[in-house]
Structures are given as structure tokens and as C-alpha cells.
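Student: Below you will find the structure I want to go over with you.
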Amino acid sequence: MSSSRHLNDGGMSDRPVAPLENEERGLSRRAFVASGVGLGVAAGLAPLGRAATALADKPSSTKLGKGDAAILRFLAAAEILETDLWQQYNELGGIQDSEVPGGSGSKRYIEALEVLDEDMPQYIHDNTEDELTHFTFLNAYLESRGAEPVDLKPFANLPSSKATGAQQIGRLTNLMQLTVDTTWWTRYRSNSKNPDLGDSFAPAVPGLAKGEHPAIPRDDKDLEEEQHIQAIANTAGFHFGTIEQGGTSLYPSLAQRVRDPEVLRVVLSIGPTEAMHFQTWSDKAGNAPPLKDPETGLEFPDLNEPPPPNEEFKTNLIMPEPTVFLRKSLPIVSIVRPTNTQGVATSVAEFLTAMGLFKGQSTGFFEALKTLASEADAAKPRG
Ligand SMILES: [Fe+2]
Ligand SMILES: [Fe+2]
């Protein structure tokens with residue numbers, strides 16, 4: 001295992017993103033806002049800010065317990081995998097800059113993504129940057145508490161897209177043959193069902209649940225036919241939501257097994273950013289134009305037109321509908337779902353595998369993922 005500082009290169013980008021770069025990029029919009037300076041509140045809050053920083057910087061002296069370390073290691077692995085897939089989206093469909101370097105964009109793919117929202121490249125860039133910081137922080141935090149960071153670099157051997165704009169480097173994940181589960185669409189719109197109570201849900205795009213679909217252009221030929229590249233962009237639009245709803249459930253599910261207060265703070269502070277991503281993507285996916293891919297036959301239905309004539313598909317219902325939670329005898333409540341903690345890491349690994357994200361990966365990769373997941377699931381729940 002190498003140091004986390006070296007994890008940023010292999011499979012993620014063509015050059016390392018050193019911690020120093022965070023300082024160099026001090027004028028970027030997001031760093032500017034995060035610092036507080038951009039909000040015009042620096043002067044008034046400075047003394048409080050300094051005190052809080054001093055407290056936060058005090059290193060925790062105790063070594064992480066086995067369960068907490070295993071949970072953070074699984075989360076770091078999940079974030080490395082997220083970064084790998086988001087990096088591929090950013091190279092072709094996002095904004096390539098010092099925050100998220102690599103690739104040079106694909107004009108036709110970007111235009112098709114912009115049909116969903118003109119800010120799609122910015123959102124893709126920002127989601128990618130967030131994942132990069134999630135895994136970099138988690139690995140650095142693990143090391144700071146005497147635990148081993150996660151390194152998946154040896155498994156970054158899957159091929160890149162051959163479309164102009166993509167880097168030609170080894171990848172951990174596959175975005176060119178995906179089977180996308182879009183049942184989150186109705187799961188968050190239902191007011192009477194919950195996956196934790198054994199309920200199942202209809203997919204928004206039934207065609208994505210079978211077959212293998214590209215979510216990025218595989219080569220420049222994929223850019224030629226307008227409805228075909230739009231279908232690829234639509235697939236990406238729904239895949240974004242599928243990935244980020246997973247993160248939205250994963251963090252609260254694992255948080256229930258965390259023991260150390262600071263680790264709980266880490267998990268509870270990163271987790272909700274996945275929900276912010278999910279909320280954005282669930283809004284944008286609703287803008288995917290109805291169409292039939294002339295090359296593959298994949299259909300994107302009009303979700304506002306019957307059939308299905310009910311509220312579980314309407315595109316503007318992007319806020320979570322309150323639903324049953326814990327027991328049906330309790331009143332309905334607006335919640336993240338699922339949040340069951342039993343075997344969650346293993347089921348997330350299986351969910352990602354079932355969507356074809358690791359198609360072509362080695363036995364060693366699947367063994368490593370399974371071990372990370374089962375160690376996280378072995379952490380005893382609180383109480
Ligand atoms: Fe993340
Ligand atoms: Fe995420």
C-alpha cells in the first residue's frame with residue numbers, strides 16, 4: 001500500500017493532484033466561497049473561525065477501532081470508485097481545469113448533456129471534485145488515526161473511451177456497458193412504500209434495467225447520430241442519480257455502526273453532500289427528452305404523460321415524498337431510504353457490480369472489494 005498522497009494519479013488523471021494545489025487554486029469559485037472570504041463575513045467571524053480551526057486541528061490521539069477503520073476504508077474505496085467514474089464523465093462532458101484535470105471534452109456529448117441543463121458541465125465538474133476530495137480526505141484521515149489507507153491503483157486496467165477528449169489511461173470502472181437501475185425515481189416519490197420494509201419499485205426507464213448501454217460515447221462514431229448521442233447523454237443523466245442516491249443511503253447506513261465521535265462527525269459531514277448531488281441529478285434527469293435510440297432501440301419514456309398516469313413518475317416531484325419508516329404504525333415522514341445497516345457495504349458492492357460498473361475487472365479486484373465490504377459489515381452496530 002502506498003501513501004494516500006500518491007493515490008491521485010493512477011487511473012484518475014494524467015498527473016498527481018498534490019495537496020499544494022489546493023493552495024495554488026485559492027482563487028477558484030468553490031475554494032473562495034468555502035473559505036468564507038467570498039461571503040463577505042470574514043471580518044466579523046474571524047476570531048470565532050480561528051478558535052474553531054484551532055480546535056478542529058487538534059489531532060485525535062487514539063488509534064481507530066477495528067470497526068471504525070473498516071467502515072472508513074470501505075467508504076474510501078467507494079469514493080475512489082466514484083472518483084474514477086466521475087473523472088471519465090468530466091473528461092468528456094465536464095469542465096477540465098486545475099481542480100479536475102484530464103481530458104479535453106467532447107463537443108457533441110456536451111451539447112447533448114446540456115439539453116438536460118445548460119449547467120451540466122459545471123455540475124459534472126463539481127461532483128467529480130467532491131468525490132476526489134472525499135477519498136483523499138478519508139485516506140488522509142485513516143492515516144492520521146494510525147490506520148491503513150485504501151489503494152485500488154493496481155486494478156485501474158479497464159479501457160478508456162476512444163472518443164476524442166478522453167485520456168487514454170487505465171480505469172477502475174466501466175461506463176460503456178451499463179445496466180442502470182432507475183427505481184430510485186419512484187422509491188423517492190412513493191408515500192406508502194420503503195425498501196427497508198421489503199417493498200419494490202418501478203423503474204423510470206425500464207429499458208435501462210436490461211441490456212448494456214453506454215453512458216459516455218465509446219468513440220467518435222457514437223457522436224454522429226443525434227438521437228443516439230442524446231440517448232447516451234440521457235443514460236448518463238439517469239446514471240448520475242443512480243450513483244448518488246447510493247451514496248445518500250450508504251453514509252447513514254454505515255454511520256449507525258460507527259463508535260468514535262470524530263469518525264461519526266466525518267461520516268455525517270460527508271454523507272449529506274451525496275444527497276445534495278442526488279437532489280441535483282434527480283432534477284436534471286427529469287429533463288431528459290423522451291426518445292428512442294435508432295441504433296439500440298433504447299426508449300426514454302415521457303414521464304409526465306400516461307402511461308404511467310400517476311404521481312410516482314412526475315418529473316417536478318423532486319423532493320422526497322414522506323413515506324413509511326421503521327414501522328407502518330408510525331406516521332409517514334420524509335426520509336432517506338434505504339438506511340438499513342445490516343450488510344449494507346456488501347449490498348452496495350453487489351449493486352455497483354450488477355450495474356456493470358466493474359465489467360472486465362479482475363478476480364483480484366472483486367476479492368479486494370468483497371473483503372473491504374465484509375470487514376465494514378462486521379463492525380458491530382451501536383446500542
Ligand atoms: Fe462521495
Ligand atoms: Fe457521490
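Student: For residue 291, what residues show an amide H to amide H distance below 5 Å, using hydrogens built from the backbone and excluding near sequence neighbours?
Tutor: Residues meeting the amide H criterion: 300.
Student: If you take the beta carbon distance between residue 66 and residue 326 as r and set R0 to 22 Å, what does 1/(1 + (r/R0)^6) give as a FRET efficiency, to the nearest 0.05? Numbers along the way, then the final one.
Tutor: On the way: r = 29 Å, r/R0 = 1.31.
Between residue 66 and residue 326 the formula returns 0.15.
Student: In the neighborhood of residue 342, defined by Cβ-to-Cβ distances under 11 Å, what is the net charge if each Lys or Arg adds +1 and each Asp or Glu adds -1?
Tutor: -1
Student: Where the centre of each part is set by its Cα atoms, how far does the range 117-186 sit from the range 326-342, in angstrom?
Tutor: About 30 Å separates the Cα centre of the range 117-186 from the one of the range 326-342.
Student: Could you tell me whether the range 126-264 comes out rounded, prolate or oblate from its Cα gyration tensor? Rule is a ≥ b ≥ c as square roots of the eigenvalues, rounded for a/c under 1.5, then prolate if a/b exceeds b/c, otherwise oblate.
Tutor: Cα axes put the range 126-264 in the oblate bin.
Student: Ok, one more. Let me check I've understood the local charge: for residue 323, count other residues with C-beta under 12 angstrom from its C-beta, Lys and Arg +1, Asp and Glu -1. What total comes out?
Tutor: Residues close to residue 323 contribute a combined charge of +1.
Student: If we count every other residue with Cβ under 14 angstrom of residue 147's Cβ, Lys/Arg +1 and Asp/Glu -1, where does the sum land?
Tutor: -2
Student: Using packing as a proxy for protection, rank 272-283, 217-228 so that the peptide with the highest average count of other Cβ atoms within 10 Å comes first.
Tutor: 272-283, 217-228
Student: With θ set to phi - 60°, apply the Karplus curve 6.51 cos²θ - 1.76 cosθ + 1.60 along the range 264-273 and write out the HN-Hα couplings as whole Hz, x wherever there is a Gly or Pro.
Tutor: Along the range 264-273, the couplings run 4, 4, 4, 5, 6, 8, 7, x, x, 5 Hz.
Student: Between residue 200 and residue 370, what's the calculated FRET efficiency when r is the beta-carbon distance and R0 is 30 Å? Round to 0.05.
Tutor: Once the sixth-power term is evaluated, E becomes 0.75.
Student: In percent, what relative contact order does the range 259-336 have, based on Cα pairs under 8 Å that are 6 or more apart in sequence? Walk me through the intermediate numbers first.
Tutor: Values: 51 pairs, mean separation 14.3, N = 78.
Contact order relative to length: 18 percent.
Student: Could you calculate the contour length gain from residue 137 to residue 107, that is, 0.36 nm times the residue separation minus the distance between their Cα atoms, to one decimal place in nm?
Tutor: 7.5 nm
Student: Greater than 27 Å separation of Cα atoms is the criterion. Which listed pairs, 193/314; 107/292; 63/380; 284/380; 210/370, meet it?
Tutor: From 193/314; 107/292; 63/380; 284/380; 210/370, over 27 Å: 284/380.
Student: Here's something else I'd like to know. Assuming a ≥ b ≥ c are the square roots of the Cα gyration tensor eigenvalues, decide whether the range 79-151 counts as rounded (a/c under 1.5), prolate (otherwise, with a/b larger than b/c) or oblate.
Tutor: Note, shape of the range 79-151 comes out prolate.
Student: Of all GluC sites (Glu not before Pro) in the range 78-180, which ones are in loop regions per DSSP and have a Cβ with at most 12 other Cβ atoms within 10 Å?
Tutor: Loop-located and lightly packed - 118.
Every number here is computed from the coordinates shown, using simple stated rules; none is lab data. All values reported here derive from a predicted model rather than from experimental measurement. Virtual Cβ from ideal backbone geometry, glycine too; neighbours counted across all protein chains shown.
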